Amino acid sequence: MVAFANGEENMEAVREDGWNFDPENFLPSQRYPGLATDVGGPTDEIMSCADSQLKLFFSFMPISLWRTIAEESNRYFLQNLTARVDRMLDSQRTPEKQTKEWFLHREAKNQIVNLMNSYTCWGC
């Protein structure tokens, strides 16, 4: 196939006519050895998780992915904390009612994305 694609004449023919399949190579009733003919369904591993929605969820979305999401969420939070606090300070209706440190302390309490909190939230 690589040799075919490297030939400029071949590629020009494909540009003009599109892909043409040789019917001798692709018969409609051709069988493919090793191709499963049985009906598809869930694997035993997935069936063992079927009693818990959370286990089923984590079988498709591994915990390592959620750890990475939590780490990146925390990193993003810290990168944007000062700008967010500055916006809060600027949008006070009564100027200087709250200090920058007050807003910073209040926002910093909410920062950690924790997997254990997520498990509790999901009903584990």
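The values are calculated or read from the model by the stated rules, or taken from the named source; none is laboratory data. The structure displayed is predicted, hence computed values, not measured ones. Heads up, the Cβs are rebuilt from the backbone with ideal geometry, glycines too, and the neighbour counts pull from every protein chain shown.
What pairs come up if the first residue lies in region 1-15 and is without any contact (Cβ under 8 Å) to a residue 40 or more places away in the chain and hydroxyl-bearing (Ser, Thr, Tyr), the second is part of a helix (DSSP H, G or I) and surrounded by 10 or more Cβ atoms within 10 Å (Cβ to Cβ), and their beta carbons are under 9 Å apart, counting only those six or more places apart or on different chains?
Every condition considered, no pair remains.
Among the helices (runs of 4 or more DSSP H) confined wholly to region 7-120, which include 2 or more residues that are surrounded by 10 or more Cβ atoms within 10 Å (Cβ to Cβ), modelled with pLDDT of 75 or more and of a type in the set (Lys, Arg)?
63-90, 100-108
Anything in region 80-102 that is hydrophobic (A, V, I, L, M, F, W, C) and touching an Asp or Glu at 6+ places or on another chain (Cβ under 7 Å)? List them, or say none.
Leu81, Val85
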